[in-house]
Amino acid sequence: MAYKNLTAFIDRLEAEGELLRVREFVDPVLEITEVVDRISKAGEGRNKALLFENTGTGFPLLINSMGSERRMALALGVESLDSIAREIEALFKLLTAPKESIADKLKMLPKLGQFASWMPKRVSGKGACQEVVWKGDEVDLGKLPIMQCWPADGGRYITLPVIHTRDPLTGSRNVGMYRVQVLGKNETAIHWQLHKVSRRHFEEYRKLGQRMPVAIVVGGDPAYTYAATAPLPDGIDEYILAGFLRKKKVELVKCLTVDMEVPADADFVLEGYVDPNEDFVLEGPFGDHTGYYSLPDYYPRFHITAITHRKQAVYPSTIVGIPPQEDAWIGKATERIFLAPIKMTMVPEIVDMDLPVEGVFHNMAIVQIHKEFPGQGLKVMNSLWGAGQMMFTKMMLIVDAQANLKNYRDLARYVSRHFDPAQDLVLGQGPIDVLDHSCSKMAFGGKLGIDGTQKQDAEYLVGPPAWIDPTTIRLDLAQLQAAHPEVRALNTDLLADGISLVIVGIEKTRKGQVKALARALCAREEFAGVKVLLFLDAIMDLRHVGDAVWRFCNNTDVKRDSLVVEATHPAEVSHLCLDGTRKTAELDGFQRDWPNILVSRPDTIAAVDAKWPALSLGALIDSPSRKYQAGVYGEGAVADPVPVVLAAV
């Protein structure tokens, strides 16, 4: 269904019991983030969309509006996200089915008419997004409730911008989402990453020596926001996808000061240009969806020539950080919607796919296939690593149809039983997301593929590998510490669940320590049946497996930081050792800056604690930042060389 505007979506959320209004003043600088971080991690029943009505500006702020699977489905006007995939699959089958008779072809006419109704359309005159116009000295981003999310951010950021650019050679439009840092009342930086379409458009304008027109939309039907994040092929208009999702074409109006078109029902439009002859401006740091700061770099400067908005405009925003956050559910929509196209056009054996929240989109993908022949898991890995934005996937796990993707414990137990580190691993290198801080070279690093399917006889090198029931393994921390004092903590809980994985917390003090320790532990008799050893810094609590996976996914270049110790006896298992510790120049020869994780400042936490009773959000929810403060090295975006724990709050 189509929403007339963002206010209509707010009304729907409120009617569904999915929205809470906050009338007390909450500062967009840091305080709103602290409130939302508590709400988004509070679990079902407390996790709601929030409308902050008193922002210190003339505009309310909507946030966490797509922060659950239910609200994401409401945003796209469906009962479930899977229904979109089913519709796409049905359309694809209809279009590709043989049309042998006139009757078969006539059956297509209604569907073709429906396709036409989804195409974006330019309308004459002004749109509701142009009811109020600011030009010249009136242009002032300070009039909007733009947030600073995390303490070490480079400033305030527009976090849900729908950015419109155009290829100067073909005229094709791109609608993408790239963070926007406020530099002044009429200037911003735009984070056009290396692999993005708008960055390619910019490079074409630079070659031509021409100014690049840009329009940034904020608000409107939430389908626009989602479409801007969708991994569509270059040259496919995102507003076709938006039209399909909302079952109504997107009506576009011409901007007032630049030659661009934007949705008529948007809440805000920032019109302007980027001059490719200008020097880039330093952008960042920014507290990113990885849960870590992405560090400063140079990006284009955007000059705003006009700001237009609806009379009753609402400013939508989001925060990203340690998962789960709202972006997890936007990513879940992409996982569900794009499963069908991948299956129908490229990898027909796919049954299902899961992008774990802890993998923050690009770090981990779990793919379920219908397995029919030896090596099929490897075939699927290679196919997907060559497919669009799947090329950024750092770790890929392939399982067959007997595995349970709906329960991670069941899944891990299944993979643990059928995965042999000595022969079911693929290690390689390739493109990595530019936000990944663990690879030694920016945007290039290791890839790890694990074939967790049941093996056929042809896939065994010398026969089925040994298996030792993990529930029979006994590890004693005191005994380990007597021989290896750097071991400070152990999480062996998964062994009791039949999962052959142990998390080892260590204190790093010397070069080569992790791999040397890994070899030493694998040589110990009590580790003979442990297939996977995951090493993390002991500075943080190891008891929460989800947090451990999140830290490992972020902190590991899987080719550099993995070690396979093969079994030396038929009754033993081989071991996969993974180093998820922080990397430094002193101990690891790591030459890039290492970022800090994202936590609120103690004074912000205290201010929100004091303000909470007036917010009408129910009983006090403790700050998630308290849990993670032990893992912060210093107070800036870049981690200090020597660990320094923040003051307790």
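The values are calculated or read from the model by the stated rules, or taken from the named source; none is laboratory data. All values reported here derive from a predicted model rather than from experimental measurement. When we count neighbours, we look across all protein chains shown, and the Cβ atoms used for this are built from the backbone with ideal geometry, even at glycine. Side chains included, ligands, DNA and RNA excluded: accessible areas come from the protein's heavy atoms. Shrake-Rupley method; radii C 1.70, N 1.55, O 1.52, S 1.80 Å.
General remarks:
- Within the stretch 362-384, the only residue that satisfies the criterion of being part of a strand (DSSP E or B) and of a type outside the set (A, V, I, L, M) is GLN368.
- Tally of residues being over 10 Å from the mean Cα position of the chain (by Cα), among the hydrophobic types (A, V, I, L, M, F, W, C) and under 24 Å from VAL35 (Cα atoms) across the stretch 313-371: 4
- Residue in the stretch 319-330 that is within 30 Å of ARG21 (Cβ to Cβ), among the polar types (S, T, N, Q) and crowded, with 18+ Cβ neighbours inside 10 Å present: yes
- One residue stands out in the stretch 112-133 among those that are open to solvent by 50 Å² or more (accessible area, probe 1.4 Å) and assigned to a helix (DSSP H, G or I): the one that is modelled with the highest pLDDT, namely ALA116.
- Criterion violated by LEU461 - all others in (1) farther than 19 Å from VAL565 by Cβ; (2) part of a loop (DSSP other than H, G, I, E, B); (3) not hydroxyl-bearing (Ser, Thr, Tyr) satisfied: (1)
- Where helices (runs of 4 or more DSSP H) fall wholly inside the stretch 486-560, the ranges with 3 or more residues that are open to solvent by 40 Å² or more (accessible area, probe 1.4 Å) and modelled with pLDDT of 95 or more are 513-522.
- Set ARG166, ARG179: member being within 28 Å of ALA2 (Cα to Cα), more than 25 Å from the chain's Cα centre (by Cα) and in contact (Cβ under 8 Å) with a residue 12 or more places away in the chain: ARG166
- Verdict on ASP593 being open to solvent by 10 Å² or more (accessible area, probe 1.4 Å), out of contact with any helix residue (DSSP H, G or I) (no Cβ under 6 Å at 6 or more places or on another chain), at pLDDT below 95 and within 30 Å of MET442 (Cα to Cα): no
- For the stretch 331-361, a residue qualifies if it is open to solvent by 40 Å² or more (accessible area, probe 1.4 Å) and outside any helix (DSSP H, G or I), and the qualifying residues are MET346, PRO348, VAL351, PHE361.
- Whenever a residue of the stretch 426-451 is of a type in the set (Phe, Trp, Tyr), its partners that are outside any loop (DSSP other than H, G, I, E, B), lying with C-beta atoms within less than 7 angstrom and at least six residues away or across chains, give the pairs PHE444/GLN429; PHE444/PRO431.
- Any chance GLU44 is in contact with a helix residue (DSSP H, G or I) (Cβ under 6 Å, 6 or more places away or on another chain), in a loop (DSSP other than H, G, I, E, B) and closer than 26 Å to SER625 by Cα: no
- Which listed residue is surrounded by fewer than 20 Cβ atoms within 10 Å (Cβ to Cβ) and either aliphatic (A, V, I, L, M) or assigned to a loop (DSSP other than H, G, I, E, B) (or both), from LEU13, LEU91: LEU91
- Cβ-Cβ under 8 Å pairs, at least 6 apart or on other chains, the stretch 392-411 side open to solvent by 60 Å² or more (accessible area, probe 1.4 Å), far side β-branched (Val, Ile, Thr): ARG409/ILE499
- Criterion: at pLDDT 90 or above, open to solvent by less than 40 Å² (accessible area, probe 1.4 Å) and in contact with a helix residue (DSSP H, G or I) (Cβ under 8 Å, 6 or more places away or on another chain) - qualifying residue of GLY58, GLY67: GLY67
- Selection of first residues in the stretch 1-19 that are more than 18 Å from LYS48 (Cβ to Cβ) and of second residues that are of a type outside the set (D, E, K, R) and assigned to a helix (DSSP H, G or I), restricted to Cβ pairs under 6 Å at least 6 apart or on distinct chains, gives the following pairs, ordered by first then second residue: TYR3/PHE9.
- In the set (1) open to solvent by less than 50 Å² (accessible area, probe 1.4 Å); (2) of a type outside the set (A, V, I, L, M, F, W, C); (3) part of a loop (DSSP other than H, G, I, E, B), the condition left unmet by GLU34 is number (3).
- Cβ separations smaller than 6 Å between residues 6+ apart or across chains give the following pairs from the stretch 604-620 residues that are open to solvent by 60 Å² or more (accessible area, probe 1.4 Å) to residues that are modelled with pLDDT of 95 or more: LEU620/TRP612.
- Of all residues in the stretch 511-535 being of a type in the set (D, E, K, R) and within 18 Å of ASP557 (Cβ to Cβ), the one that is nearest to the chain's Cα centre (by Cα): LYS515
- Pairs, first more than 22 Å from ALA548 (Cβ to Cβ) in the stretch 467-493, second open to solvent by less than 70 Å² (accessible area, probe 1.4 Å) and β-branched (Val, Ile, Thr), C-beta under 8 Å, six or more apart: TRP467/VAL573; ILE468/VAL573
- Any hit, the stretch 610-632, residues being out of contact with any Phe, Trp or Tyr (no Cβ under 9 Å at 6 or more places or on another chain), assigned to a loop (DSSP other than H, G, I, E, B), hydrophobic (A, V, I, L, M, F, W, C) and within 17 Å of GLU507 (Cα to Cα): yes
- Per the conditions (1) aliphatic (A, V, I, L, M); (2) in contact with a strand residue (DSSP E or B) (Cβ under 7 Å, 6 or more places away or on another chain); (3) modelled with pLDDT under 95, the sole criterion not satisfied by MET364 is (3).
So that you can scan it fast, the table gives a plain yes or no per residue for (1) open to solvent by 20 Å² or more (accessible area, probe 1.4 Å); (2) within 15 Å of VAL217 (Cβ to Cβ); (3) among the aliphatic types (A, V, I, L, M); (4) touching a strand residue (DSSP E or B) at 6+ places or on another chain (Cβ under 6 Å):
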| position | (1), (2), (3), (4) |
| --- | --- |
| GLY243 | no, no, no, no |
| LYS249 | yes, no, no, yes |
| HIS289 | yes, no, no, no |
| TYR293 | no, no, no, yes |
| ILE304 | no, yes, yes, yes |
